[in-house]
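The values are calculated or read from the model by the stated rules, or taken from the named source; none is laboratory data. What you see is a predicted model; the values in this text were computed from it and never measured. As a convention, Cβ positions derive from the backbone with ideal geometry for all residues, glycine included, and neighbour counts pool all protein chains shown.
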């Protein structure tokens with residue numbers, strides 16, 4: 001890798017570290033700040049834009065987000081990546097595992113997530129992102145879906 005690509009990898013890794021730490025801290029503004037304008041998050045068969053994050057995070061269990069080093073493909077001012085996730089709920093230590101599939105864009109403020117999609121690894125061996133595991137989860141309020 002040339003020095004510019006190494007710098008891009010480090011910047012994206014730090015962006016994703018901010019996401020995991022801010023999710024663990026339940027810092028809505030911090031989480032929204034890692035997304036590009038128009039950025040989206042998808043899980044449970046729905047697509048949420050960043051205006052949905054306050055309700056979405058309030059409905060989600062609080063806990064500890066541990067993410068792996070992302071596998072990245074950088075192409076100029078855009079990139080794609082996959083990052084593993086282990087989440088442990090704070091109140092009962094129930095665990096969820098899976099991975100994020102991401103797209104990134106370089107903005108005037110640096111690299112930001114454009115899209116982040118969650119895939120859960122289920123106990124039965126399946127992988128999916130379309131099954132709601134929390135019936136209290138809010139529906140998207142925007143036209144992102």
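May I ask you to say which residue of 9, 28 is in contact (Cβ under 8 Å) with a residue 12 or more places away in the chain, in contact with a strand residue (DSSP E or B) (Cβ under 9 Å, 6 or more places away or on another chain) and surrounded by 13 or more Cβ atoms within 10 Å (Cβ to Cβ)?
On the way: 28 fails: in contact with a strand residue (DSSP E or B) (Cβ under 9 Å, 6 or more places away or on another chain).
Selected residue: 9, the only one of 9, 28 that is in contact (Cβ under 8 Å) with a residue 12 or more places away in the chain, in contact with a strand residue (DSSP E or B) (Cβ under 9 Å, 6 or more places away or on another chain) and surrounded by 13 or more Cβ atoms within 10 Å (Cβ to Cβ).
Going by the conditions given, is residue 54 part of a loop (DSSP other than H, G, I, E, B) and touching a residue at least 12 places away in the same chain (Cβ under 8 Å)?
Spelling it out, it is not the case that residue 54 is part of a loop (DSSP other than H, G, I, E, B) and touching a residue at least 12 places away in the same chain (Cβ under 8 Å).
Conditions tested, residue by residue: (1) surrounded by 15 or more Cβ atoms within 10 Å (Cβ to Cβ); (2) without any contact (Cβ under 8 Å) to a residue 60 or more places away in the chain; (3) in a loop (DSSP other than H, G, I, E, B).
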| site | (1), (2), (3) |
| --- | --- |
| 1 | no, yes, yes |
| 16 | yes, no, no |
| 21 | no, yes, no |
| 38 | no, no, no |
| 41 | yes, no, no |
| 66 | no, yes, no |
| 72 | yes, no, no |
| 91 | no, yes, yes |
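Please find, among 144, 79, the residue that is touching a strand residue (DSSP E or B) at 6+ places or on another chain (Cβ under 7 Å), surrounded by 13 or more Cβ atoms within 10 Å (Cβ to Cβ), within 15 Å of residue 35 (Cα to Cα) and modelled with pLDDT under 95. It would help to see each step written out before you state the result.
Numbers: 79 fails: modelled with pLDDT under 95.
Exactly one of 144, 79 is touching a strand residue (DSSP E or B) at 6+ places or on another chain (Cβ under 7 Å), surrounded by 13 or more Cβ atoms within 10 Å (Cβ to Cβ), within 15 Å of residue 35 (Cα to Cα) and modelled with pLDDT under 95, namely 144.
At pLDDT 95 or above and either buried (at least 17 other Cβ atoms within 10 Å of the Cβ) or under 28 Å from residue 1 (Cα atoms) (or both): is that true of residue 104 in this structure?
On the way: at pLDDT 95 or above: yes; either buried (at least 17 other Cβ atoms within 10 Å of the Cβ) or under 28 Å from residue 1 (Cα atoms) (or both): yes.
Considered against the rule, which asks whether it is at pLDDT 95 or above and either buried (at least 17 other Cβ atoms within 10 Å of the Cβ) or under 28 Å from residue 1 (Cα atoms) (or both), residue 104 comes out as yes.
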